[in-house]
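Take a look at the structure set out below.
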Amino acid sequence: MFHPSASLDLLQKRAQLLQQLRAFFFARQIMEVDVPALGQNTVTDVHLEPLQVLDTGYLQTSPEYFMKRLLAAGSGSIYYLGKAYRRDESGRRHRAEFTLLEWYSVGLDDRELMAQMTELFALLAPATDIRRRSYGEAFQTLLGLCPHRASLAELQALIAARLELHSPLDNKSACLDLLFSFCVEPQLGPGITFICDYPAEQCAWRAWIRMRKGCRWRGVSRCIGTAWSWPTAIGSCAVRTSNAGALKMIREFAPPLG
Amino acid sequence: MASYSTSEFRSGMKVMLDGDPCSIVENEFVKPGKGQAFNRVRLKNLRSGRVWERTFKSGETLEAADVVDREMQYLYNDGEFWHFMHPETFEQLQADQETVSDAAKWLREQDVVTLTLYNGQPLAVTPPNHVELEVVQTDPGLKGDTAQGGTKPATLSTGAVVKVPLFVSIGDVLRVDTRTGEYLGRANK
């Protein structure tokens with residue numbers, strides 16, 4: 001007889017969680033979109049590796065492009081709750097296949113979107129402590145260096161003092177990734193910490209934003225949950241809110257994508 | 001020699017690091033969203049026994065180490081070297097004090113042990129997890145004493161000293177766990 005590696009109790013909790021997520025978005029008139037997992041094209045992000053399907057295309061690393069296309073076509077607020085795929089990601093918090101929730105709330109800026117996420121977390125995990133810190137403040141407080149002004153050499157020196165690195169990192173963004181993941185994140189404490197106001201180097205949209213002068217831009221924020229663990233069987237769930245502002249911009253300035 | 005990428009690192013894998021053969025103890029994958037991925041790897045230096053942690057960018061590679069475990073029969077100690085023989089090819093190898101180290105006290109002539117070879121030369125000797133050895137020295141046994149009583153030291157034929165129950169006497173053959181040095185019981189003869 002087949003024995004699942006997750007207990008039936010855990011599977012039930014997972015089903016309940018998916019149900020709660022859908023109810024949350026339904027109540028806010030945010031439409032579920034079931035975009036393709038298999039597409040002809042894939043991302044150009046440096047650090048995302050797609051899984052290629054023979055003769056067919058790529059399993060999507062996230063529903064981002066399909067969703068942004070819908071947004072540009074006037075869909076209004078939408079969410080996706082389903083599988084995404086990233087090659088070579090395997091670890092305690094990572095799987096090549098994982099369940100991802102991604103949503104876009106039209107008209108909300110990054111602060112408002114964080115407030116919306118707080119509502120969601122409060123619903124799913126009522127007793128959880130939720131707070132907000134800026135990237136710069138957390139980094140400065142815990143590591144004693146301003147991430148916005150620090151030079152590459154200063155970051156490299158800070159890394160050398162704390163970690164044994166196999167080969168040196170030659171760009172600021174990778175240094176920040178390393179220091180934040182290994183030295184800041186573990187010290188953020190229990191509960192959920194929103195990290196906002198990321199340094200410019202950490203922003204995937206920066207080049208694009210710069211190109212469009214005159215748009216009012218409040219900065220891209222990535223929000224991460226920490227020590228807020230989903231039951232193991234749920235797998236990793238990336239909560240991405242980086243593009244609330246970008247979304248506004250798409251609506252106001254950008255032509256439809258693709 | 002082949003090389004392994006961080007995504008292939010598994011515990012127990014033998015790799016070369018800074019010129020020394022190492023065994024991977026643990027490999028943790030850390031990736032911040034769309035950022036650079038890293039692997040925090042714990043490695044045991046097979047020469048020094050030291051365990052340490054090193055961080056790799058995901059995708060970096062290490063050369064495989066020519067390290068193999070081989071079952072060999074312990075023959076004898078000539079005062080300086082311990083000699084071992086492959087039971088089928090009769091090939092013989094000698095290992096020095098540094099290599100044999102703590103395993104020496106569990107080695108009984110003709111027992112089969114595991115030799116870890118690096119480039120064909122012994123790097124470490126691992127005795128079987130359980131060995132049966134005779135008591136050559138201990139205080140006299142007390143009649144009527146049971147396993148609930150205290151313990152006393154007993155010297156075994158190979159020189160190892162283990163804690164045993166009071167009823168054990170000279171000539172008894174004991175079963176001992178070599179990893180912990182713990183007495184497991186008297187062997188049935």
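The values are calculated or read from the model by the stated rules, or taken from the named source; none is laboratory data. Predicted model only: the values in this text are computed from it and were never measured. A quick note on method: Cβ atoms are made from the backbone with ideal geometry, for glycine too, and the neighbour counts reach across all protein chains shown. Keep in mind that these areas ignore ligands, DNA and RNA; they rest on the heavy atoms of the full protein, side chains included. Shrake-Rupley method; radii C 1.70, N 1.55, O 1.52, S 1.80 Å.
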If A:Lys172 meets every condition in (1) modelled with pLDDT of 75 or more; (2) of a type in the set (D, E, K, R); (3) under 29 Å from A:Thr118 (Cα atoms) apart from one, which number is that one?
(3)
Wholly within the range A:1-92, which strands (runs of 3 or more DSSP E) include no fewer than the required count, namely at least 1 residues that are within 21 Å of B:Pro32 (Cβ to Cβ)?
A:51-53, A:78-85
Filter result (surrounded by 13 or more Cβ atoms within 10 Å (Cβ to Cβ) and farther than 17 Å from A:Pro186 by Cβ) within the range A:124-136
A:Leu124, A:Ala125, A:Thr128, A:Ile130, A:Arg132, A:Ser134, A:Gly136
When restricted to B:Ser11, B:Ser23, the only residue more than 8 Å from chain A (Cβ to nearest Cβ) and in a strand (DSSP E or B) is B:Ser23
Answer yes or no as to whether A:Ala96 is surrounded by 18 or more Cβ atoms within 10 Å (Cβ to Cβ), within 14 Å of chain B (Cβ to nearest Cβ), within 24 Å of A:Thr44 (Cα to Cα) and in contact (Cβ under 8 Å) with a residue 40 or more places away in the chain.
no
Is there a residue being among the basic types (Lys, Arg), open to solvent by 50 Å² or more (accessible area, probe 1.4 Å) and within 26 Å of A:Ala200 (Cβ to Cβ) anywhere in the range A:106-113?
yes
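Out of all the residues in the range A:118-149, which are over 30 Å from A:Phe25 (Cα atoms) and part of a helix (DSSP H, G or I)?
Of everything in the range A:118-149, those that are over 30 Å from A:Phe25 (Cα atoms) and part of a helix (DSSP H, G or I) turn out to be A:Gly136, A:Glu137, A:Ala138, A:Phe139, A:Gln140, A:Thr141, A:Leu142, A:Leu143.
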Say we look at the range A:130-169 and pick out the residues that are charged (D, E, K, R) and in contact (Cβ under 8 Å) with a residue 12 or more places away in the chain; which of these is farthest from the other protein chains (Cβ to nearest Cβ)?
A:Arg131
If A:Leu120 satisfies all but one of (1) touching a helix residue (DSSP H, G or I) at 6+ places or on another chain (Cβ under 7 Å); (2) open to solvent by 30 Å² or more (accessible area, probe 1.4 Å); (3) in contact (Cβ under 8 Å) with a residue 60 or more places away in the chain; (4) more than 13 Å from A:Tyr198 (Cα to Cα), what's the number of the condition it fails?
(2)
